[in-house]
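What follows is one structure encoded as structure tokens, with my remarks underneath.
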Amino acid sequence: MGIFDFFKKDNSVHGNCKVGGSLFFGKYYFENEKDIRPIEWVVLESNRTELLLISKYCLDTVGYCGPSPEWGNASACIWENSYLRNWLNNDFYNRAFNKEEKQSIIETTIITDSSSDKMLHKNSIFILSEKQAITYFGESTARKGIPTPYAVSKGARLGWTDDTKEYTSWWLLPYVELTGGSPARMDYPCAVFQMGDTQYHGRNIGHTDFTVRPVIRIKK
């Protein structure tokens, strides 16, 4: 059973599966924890059998390395060890999708420069890399993250100027500083900032007010 079988069960849910189009899949908090609505996704890639989707809005406020940043513990900020990966593939996954929807989600292998021994790590839910964010959203203005009211209520970091005050920062896969040392630094999570630019630096691990735009791959 594919995602379009789910759409047929609810005539209020419609999808445009062309790249740049949007569709609804799963449910999550929008205004508050009592207001649960269908999640709107933007289509990044589409082929005969699969869709690659990113949430249209920044859905929640989550620290990359946890509610209490693990300063100095670089291993905690490797993607496969990160609090954010665990949160996406457990808390968010189980809260946002029902049994049938989970059957349509395709596990995706993520490997970053920081992955231990280039191990393969499968993810039901993941986030974009910096390169992908720039590729899929060519202009910085297109990368600006709009938080849901729920994410704002959780403390989403908003801009401070007239042209950024409605936007927030959202996480990307970590950057590894090639210092020549061994091991390379792995405590540089990357993010899209309120202006739509991508930045990475060690201070990012301390931000528990950055948001997340989950990415999924699903069967058609």
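At a glance:
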| read-out | value |
| --- | --- |
| Sorted by Cβ neighbour density within 10 Å, fewest at the top, the residues Trp170, Trp160, Trp79, Trp87 | Trp160, Trp87, Trp79, Trp170 |
| Pairs from Lys99/Lys220; Lys34/Lys220; Lys56/Lys144; Lys18/Lys219; Lys102/Lys220; Lys18/Lys220 whose Cα-Cα separation, in the structure shown, is over 19 Å | Lys34/Lys220 |
| Residue order, fewest to most beta carbons within 10 Å, for Val62, Val192, Val43, Val19 | Val19, Val43, Val62, Val192 |
| Sorted by Cβ density within 10 Å, fewest first, the residues Asp35, Asp162 | Asp162, Asp35 |
| Neighbour net charge for Arg143 - beta-carbon separation under 13 angstrom, K R +1, D E -1 | +1 |
| Cβ crowding within 10 Å averaged over residues, with 153-159, 136-142, 209-215 ranked highest first | 209-215, 153-159, 136-142 |
| Estimated FRET transfer efficiency when R0 is 30 angstrom, pair Asp209-Thr49 (beta carbons, to 0.05) | 0.20 |
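Laboratory data are not the source of any read-out in this text; all were calculated from the coordinates shown. Here the structure is a predicted model, which means the values were calculated and not measured. Ideal geometry is used to build each Cβ from the backbone, glycine not excepted, and the neighbour counts take in all protein chains shown.
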